[in-house]
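**Student:** Here you go, one structure.
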Amino acid sequence: MHIGLIGLGKMGGNMRTRLRNNGIEVTGYARSKDVSDVESIEALVAALPSPKVVWIMVPHGQPTDDVINELEKYLGEGDLIIEGGNSRFSDDIRHAEQLAPKGIGYLDCGVSGGVWGLQNGYGLMVGGDSALVEKAMPIFDALRPEGERSEGFVHVGDVGAGHYAKMVHNGIEYAMMQAFAEGYELLEKKEIIKDVHGTFAAWQRGTVVRSWLLDLLVRALEEDPNLSKIKGYVEDSGEGRWTVEEGIANAVPMPAITASLFARFASRQDDSPAMKAVAALRNQFGGHAVKKAE
């Protein structure tokens with residue numbers, strides 16, 4: 001099987017390598033000539049046999065829109081686009097409707113695995129028509145972890161369902177990371193605790209909190225025992241916000257995921273305007289002391 005892959009960054013580049021290692025011929029395109037196999041998207045499409053399959057792995061939003069608009073010029077009846085970035089599910093529905101009049105198929109695929117996916121395989125969550133999923137199955141089998149397909153791949157449902165599942169996955173990931181982080185800070189704070197790294201390491205086997213995220217935290221503490229090389233500033237890439245928005249839209253309470261998202265917002269403040277207001281109010285109504293700004 002021969003496919004095109006657009007976007008050869010940290011994820012896309014490793015995915016190209018894993019696909020090739022597992023017998024899929026890949027022609028890749030990126031704006032960087034150092035990693036690209038062809039000079040343009042048009043050249044990529046021309047290099048593919050028909051029916052053509054192109055996997056997109058670029059940032060969500062306008063970059064994905066731009067790539068799909070470009071591909072629409074060169075693809076036709078029976079060709080297939082697989083959007084593997086972290087697009088919002090509603091964008092997938094729009095993209096599928098845009099491509100349908102030309103007979104271009106569309107699948108959305110949530111991909112989890114990060115920089116470790118090349119070695120371990122990627123967890124895949126796919127949305128779209130069953131016939132198109134079956135057509136692309138050799139690609140999914142090449143990317144997913146070895147072993148039972150159901151443990152690393154799922155056809156979640158209609159167009160948009162794959163990225164919706166990935167959105168929820170990332171929301172859960174936010175909350176899990178925040179829980180480990182809060183536990184870390186409390187252990188660091190308590191004087192009677194003498195081995196924080198060892199405590200986390202001892203949780204890796206036999207405990208109910210063992211997980212890959214725990215393994216990664218242990219690894220991070222091995223490299224930087226007090227995390228002194230890292231500033232406590234955390235970005236969010238969008239999926240956590242979308243998860244909370246969907247919780248509101250569907251009246252699903254999500255206190256843990258919401259709190260983890262808000263904790264990231266707080267991490268970006270050197271001084272909190274909200275807490276200044278609280279301090280001022282306490283001073284006003286109760287005469288409580290305030291700490292003067294320097």
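**Student:** Any idea what the relative contact order of the chain is, in percent, if you count C-alpha pairs under 8 Å spaced at least 6 apart? Each step should come with its number before you reach the end.
**Tutor:** Values: 418 pairs, mean separation 36.0, N = 294.
About 12 percent, as a whole number.
**Student:** Once the principal axes of the Cα atoms of the stretch 166-267 are found, what is the range along each, listed largest first in whole angstroms?
**Tutor:** Taking max minus min along each principal axis of the Cα atoms, the stretch 166-267 gives 45, 31, 22 Å.
**Student:** Treating the angle as unsigned and between 0 and 90°, give the value, to the nearest 10°, between the Cα long axis of helix 239-249 and the longest Cα principal axis of the chain.
**Tutor:** In the chain, helix 239-249 runs at an angle near 80 degrees to the longest axis.
**Student:** Which angle between 0 and 90 degrees, to the nearest 10, do you get for helix 161-189 versus the longest principal axis of the chain when only C-alpha atoms count?
**Tutor:** The helix 161-189 is inclined about 30 degrees to the chain.
**Student:** Which residue, Ala136, Ala280, Ala263, has the most motion in a Gaussian network model of the chain that connects Cα atoms within less than 10 Å?
**Tutor:** Ala280
**Student:** If we count every other residue with Cβ under 13 angstrom of Val126's Cβ, Lys/Arg +1 and Asp/Glu -1, where does the sum land? Spell out each step's value before the answer.
**Tutor:** Details: positive: Lys135, Arg144, Arg149, Lys166; negative: Glu83, Asp92, Asp108, Asp129, Glu134, Asp141, Asp158.
Charge balance in the 13 Å sphere: -3.
**Student:** Only sites in a loop by DSSP and with at most 14 other Cβ atoms within 10 Å count here; which GluC sites (Glu not before Pro) in the stretch 183-230 make the cut?
**Tutor:** On the way: sites: Glu185, Glu188, Glu191, Glu222, Glu223; in loops: Glu191.
Hits after loop and neighbour filter: Glu191.
**Student:** Label Phe265 and Ala202 with points 7 Å out from Cα along Cα→Cβ: what is the distance between them in nm?
**Tutor:** 3.8 nm
**Student:** Can you list which of the trypsin sites (Lys or Arg not before Pro) found in the stretch 220-278 are DSSP loop residues with at most 12 other C-beta atoms within 10 Å? Before the final figure, lay out each step's value.
**Tutor:** Values: sites: Lys229, Lys231, Arg241, Arg264, Arg268, Lys276; in loops: Lys229, Lys231, Arg268.
Hits after loop and neighbour filter: Lys229, Lys231, Arg268.
**Student:** Among the chymotrypsin sites (Phe, Trp or Tyr not before Pro) in the stretch 195-246, which ones are in a DSSP loop with at most 13 other Cβ atoms within 10 Å of the Cβ? Mind listing them? Walk me through the numbers before you get to the answer.
**Tutor:** Numbers: sites: Phe200, Trp203, Trp212, Tyr233, Trp242; in loops: Trp203, Tyr233.
The qualifying sites are Tyr233.
**Student:** I'd like the orientation of helix 212-223 relative to the chain: the angle between its Cα long axis and the longest Cα principal axis, in ° from 0 to 90, rounded to 10.
**Tutor:** The answer is roughly 60 degrees.
Computed from the coordinates by the stated procedures, all read-outs in this text should not be read as laboratory data. Everything numeric here is computed off the predicted structure, so don't read it as measured data. Methodologically, a virtual Cβ is constructed for each residue, glycine included, from the backbone with ideal geometry; neighbour enumeration extends over all protein chains shown.
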